[in-house]
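The values are calculated or read from the model by the stated rules, or taken from the named source; none is laboratory data. Note that this is a predicted model, so its numbers are computed, not measured. Every residue, glycine among them, receives a Cβ derived from its backbone with ideal geometry; neighbour counts consider all protein chains shown. Only protein heavy atoms, including side chains, enter the accessible area calculation; ligands, DNA and RNA are left aside. Shrake-Rupley method; radii C 1.70, N 1.55, O 1.52, S 1.80 Å.
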Amino acid sequence: MWNLSLRAKLILGAVVIQCIVLSLIIYNASRITQEVLKEQMQIRIETIQPLLNLAISGPLVQHDYSTLNDILRELRLAHTVEHIEVIDTDGVVVGQAGEIPRGAYDPIHGRHEGAGSDEHVDVDMVLSINGVRVGKVNIGISTSFLVAAREALARQNGMIAIAGLILAGFLFALFSWWLTRDLLRLREAAEKIGRGEYGVQTGVKSVEHDEISQLAQSFDAMSWQIKLSHEGMSREIEERKRTEILLRENEQHFRTLADGGSTLIWTSGLDKLCNYFNQPWLRFTGRTLAQEVGNGWVQGLHPDDHEHCLQTYVRSFDAQKPFSMEYRIHHADGTYHWIRDDGNPRYDSDGNFIGYIGFCVDITAQKESAAELEQHRHHLESLVEERTSALNLAKESAVAANLAKSTFLANMSHELRTPMNAIMGMTDLVLRRVSEPKQIDQLTKVKQASAHLLSVINDILDLSKIEANKLTLGQVRFNFPQVLENLSIMIGQRVAEKGLKLFFDLPADIARLHLIGDPLRLGQVLLNLAGNAVKFTEHGSITVRIRQEKESTDEIVFRCEVEDTGIGISADNQKRLFVAFEQADVSMTRKYGGTGLGLAISKRLVEIMGGTLGIDSVPGQGSTFWFIVPMKKTRDAAPATAPVAEQSTELLLKTIHAGARILLAEDEPINQEVSCNLLEDVGLTVELAEDGAVAVAMAQRSHYDLILMDMQMPQMNGLEATRVIRALPGYADTPILAMTANAFVEDRERCMAAGMNDFITKPVDPDHFFETILRWFQISLP
C-alpha cells in the first residue's frame, strides 16, 4: 500500500471513508426500519386481541371444543398466524392449530419454553367474558413480512451504496487528477534537477493561488537559484583548480630550485619542529624525510654539539631573530661533517611569523684546512682568520642578496614612483591654475622632464624585471590599428616638431585581424624603435611597416619594421646596440641623450614574445630596425565598440556625478594633497584616511560611492583593509580602486584577489585617473 501514488492513496482513502459513512447510514436506516416494523406489529396485535377474545371465549365457556378447533383452523389459514392454542382456566390445552413450539409450558409466564423465533412472535392473551377470566390463548404471529421488508430494504440500500461508491470514486478520481496534476509537474521537474538539468521550470501557471501553485512558484525560484549557485560553484571550482595548478607549479619550481643545488635547506613551523628537508640534505645524511622531520634530525648531531645547537635554535626562535651556527652532523659516509647553518625567520604575505628556514653548507673541508693550518702553519693564523672572515662576509652578502631579490624590484618601483607622483601631480595641479604663458611654458618643461625621468625609471625597472625573470606577458585581444594609433599619438608631436613625416604601412587584411597577445609590450617595442628613429633623423620620414610572414592553425608570424632616413649606423657600432647602457657612439649620448636601455629592453621583450630583433643600416642612408614575432589568432567576432562621448571626462564628472563621496586611503601627505585637489576640481567630495585601519573605521560609519586604496600603509595595508571593507554591509559592489606605486603585474593580481575592482599606477595621469573613476561610476551608480 505504501508504494501507491498520492493520487491512488487519496482515492483509496476517500472510498474507505465513504464505505464507513454509507455503512453507518445503512445500519442506522435498518435499525430505524426495524423499530417501525415492530411498532406496526404491536399495533396489529393490539388490533386483533378484541376480535380473538370475542370469537374464542363463547365456545370455550360452552365447552364446544369442535367449534373452537374450527375457529382456530380458520385463524391458522391467515398467513400471519404460525400457530395458536387455547388453554382453559385449569391449564388444559383445549384447542390448537399449527405446530406448537417444543418446550414445556411455563405457567408463570403463560408461554411455552423456547417459544418465539426470528420468523414469528409469540403473544399470550387472556380470554374473558364480562371481565371474568375464562382462559387464555397463545398465538404465534408470523414476522416473515418484516424479514422480507428488511431484506428488500437492505438490497436497495446496498445498490444505492454501490452506485454511490462508483460515482464518488469516479468524481474523486477526476478531482484527485485535477488536484495532483501540478504535483506531477513538480515531481518531473525535481527528477530533472536530480539528473543535473538545473534551472528547469515546472510550467505551473500562477493564475491559481492555492498552496500547490505557491509551492510550484517557490520551486521554480529554487531551481533557478540552484542553477545560478551551480554555475557560480563551477566557476569557483575552475578558479580553484587553476589556483591549485599554479600553486603546484610554483611549489615544483621552488622545489627544483631547492633541490638543484648543493645547499642543504630545512624549514620549521610554529611548533619549532622541522617539517621539510631538501634532497641535498637527505643525500648528505643518508636518511629519509620521515626519519628527519620533527626532531628526528637531532639524532645525527654530534654529542658535543647537541646542547649548544638546540639552545641557539630555541633562543633565536623565541626572539624571531636570524642565527648562524656551526655544528657537526652524521654524514652518509659514516663520519661527522661540519656544516654552517644560517637560519632566518619566515613570514607569510601578511607579515605573520610562520617559522624558520635554514641554509646549510658543508664546511668540513674548511674546518680540516683550518685545523691543518693551525697545526702546521701557526704563524699564518692571522691570514687564515682574515680569509675566513672575508668568506663569511661574502657568503652572508650572497644570502642577503638572495633574500632581497624578490622584494627589491617592488620596493624600488614604490620608492621611485611615490616622489614622482608628487612632482608630476603638483605640476599638473599648478598647470590647471596658472594662466601666465611663461609659467605655463616653464611648468610644461618640468612636466616633460618628469615624464622623461619616469620613462628612464620604467626602462631601468623593466630591464631589472627581465633580468630577474619576473616579467610576464599579458594575453588580451587586440588589433594592429589600435597599437599604431597609440604610437601615432605618443610620437606625433615630436615628429611634427622636427618637420618629419610619419607613414604607417598596414595592409587592409592585417588591419582586419583580431589577435591575442600583449599589445602594451608590442607597442613599447615599436615606441622604442620609432622614438630612436625620430631622435636620430633630422630630415625625411619615418615609416612603420607591418607584414605577415607565415600563418599556421593557431598563430600568425608578423614582421614589423621601423625605417628612417637618419644618420645610419656602422657595422662595428651595430654590435653594441643591444647591450644595456651602451649606444653606438659615446658622443651620441651627449648630442642626442638617452640611457642606452631602449634597444636592450626591446630585444629582451621580443625574445620573451618568442621572436627576434635585428637591424639593417648603412651610415648616412638611414636604418631599418625589424623584429619578427608570433601572435595567436582569435576565431570569435570582435566585440562592438561603444560610442565615444563627445564631452570630456572632467565635464561629465562635474555635471553628472558632482557631490559623489570618495574615500581616499593614502598615507603620504603630498600624494594626499595631489589626489584631493584633482578630485575636488571635478566636483567630487573627498574624505581622507591616513591608513587602512582608519579607512575601515570610516567605511563602518558612513557609505561612500567609491574608494581609492593605496597598497602600502601603516597600521593596516590596503589589501587587508579591502578585505575587511568588502565584508561590511553595503560594500559588496562598491568600486574599490587601487592607487599605488606598486606597478608590477603581481601587484595588480594581489589587488584583484583582495577584492579591488581596478588598478591605477603612480604617478597618476589625470586623464586616465578621471576616465577610470567615470567608468566605475557609470557601472555602480544609476
Next on the checklist: Kindly evaluate I237 against the criterion of being more than 21 Å from E197 (Cβ to Cβ) and either at pLDDT 80 or above or aromatic (F, W, Y) (or both).
Outcome noted: no
Item to check | Number of the exception - K241 against (1) open to solvent by 60 Å² or more (accessible area, probe 1.4 Å); (2) in a helix (DSSP H, G or I); (3) assigned by the TED database to the domain that holds R340 | outcome: (3)
Checklist entry - Could you list, in sequence order, the residues of the stretch 747-765 that are among the acidic types (D, E), under 29 Å from the mean Cα position of the chain (by Cα) and open to solvent by 20 Å² or more (accessible area, probe 1.4 Å)? => result E749, D758
Checklist entry - Is it true that some residue in the stretch 540-553 is in contact with a Gly (Cβ under 6 Å, 6 or more places away or on another chain) and either buried (at least 18 other Cβ atoms within 10 Å of the Cβ) or at pLDDT below 90 (or both)? => result no
Checklist outcome for this item: Within the stretch 253-283, the residues that are surrounded by fewer than 16 Cβ atoms within 10 Å (Cβ to Cβ) and among the hydrophobic types (A, V, I, L, M, F, W, C) are F254, L257, L270, L273
Checklist entry - Among the residues of the stretch 734-742, is any open to solvent by 50 Å² or more (accessible area, probe 1.4 Å) and touching a helix residue (DSSP H, G or I) at 6+ places or on another chain (Cβ under 8 Å)? => result no
Checklist entry - Which residue, of T418, T427, is at pLDDT 70 or above and either of a type in the set (S, T, Y) or in a loop (DSSP other than H, G, I, E, B) (or both)? => result T427
Item to check | Given (1) modelled with pLDDT under 85; (2) surrounded by fewer than 15 Cβ atoms within 10 Å (Cβ to Cβ); (3) more than 18 Å from the chain's Cα centre (by Cα), index of the condition G286 fails | outcome: (1)
Item to check | Residue under evaluation E549, criteria (1) acidic (D, E); (2) assigned to a strand (DSSP E or B); (3) within 16 Å of L484 (Cβ to Cβ), criterion not met | outcome: (3)
Checklist entry - Considering only strands (runs of 3 or more DSSP E) fully contained in the stretch 303-364, which possess at least 2 residues that are open to solvent by less than 50 Å² (accessible area, probe 1.4 Å) and out of contact with any Phe, Trp or Tyr (no Cβ under 8 Å at 6 or more places or on another chain)? => result 353-362
Item to check | Residue under evaluation G594, criteria (1) open to solvent by less than 50 Å² (accessible area, probe 1.4 Å); (2) at pLDDT below 90; (3) under 26 Å from V476 (Cα atoms), criterion not met | outcome: (3)
Checklist outcome for this item: The residue that is modelled with the highest pLDDT, considering only those in the stretch 448-505 that are buried (at least 18 other Cβ atoms within 10 Å of the Cβ) and among the aromatic types (F, W, Y), is F480
Checklist entry - Restricting to the stretch 248-265, what's the tally of residues that are at pLDDT 80 or above and either among the hydrophobic types (A, V, I, L, M, F, W, C) or outside any helix (DSSP H, G or I) (or both)? => result 4
Checklist entry - Mind checking whether some residue in the stretch 100-118 is modelled with pLDDT of 80 or more, open to solvent by less than 80 Å² (accessible area, probe 1.4 Å) and not in a loop (DSSP other than H, G, I, E, B)? => result no
Next on the checklist: Out of L215, L228, L270, I need the residue that is modelled with pLDDT of 80 or more, in a helix (DSSP H, G or I) and under 34 Å from the mean Cα position of the chain (by Cα). Which one?
Outcome noted: L228
